[in-house]
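Novice: For reference, the structure I am asking about is given below.
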Amino acid sequence: MKVLVLAVVLLCVCSLEGAVVKRDAETPGSSLSDVFTQYFQTVSEYLSKQLPEKAKTEELKTQAKAYLEQVNEQLSPIAKQLHTELMNFFTQLVETGKKAVQQ
């Protein structure tokens, strides 16, 4: 009989202790879910706000680089032609000056 009472008391104590441990375990679990919720909110804010801004920045850099390359391709022949014509002009100017000095 004593063994039966002892077993019942032991069973009650273990279940009460298990309930207390379970209740204590649930409290940090809810804060853990709060941490995950906050983390996912932060990640979603980053993905929705900051990442597109960075993508726009990279897109603008790419567009600017493409524009500069296109302008360089278009202006390079014009600059070469201008250089050639300017050198011809100065050559003719020097030759005209030499002829004027010789006369």
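Novice: All but one of (1) more than 49 Å from the chain's Cα centre (by Cα); (2) at pLDDT 90 or above; (3) surrounded by fewer than 10 Cβ atoms within 10 Å (Cβ to Cβ) hold for Met1, so report the exception by its number.
Specialist: Single failed check for Met1: (2).
Novice: Is it true that Tyr39 is part of a helix (DSSP H, G or I), at pLDDT 85 or above and of a type in the set (Phe, Trp, Tyr)?
Specialist: When the stated conditions are applied, Tyr39 does not pass them.
The values are calculated or read from the model by the stated rules, or taken from the named source; none is laboratory data. Model, not experiment: these values are computed from the prediction. FYI the Cβ positions are ideal-geometry reconstructions off the backbone, even for glycines, and counts take in every protein chain you see.
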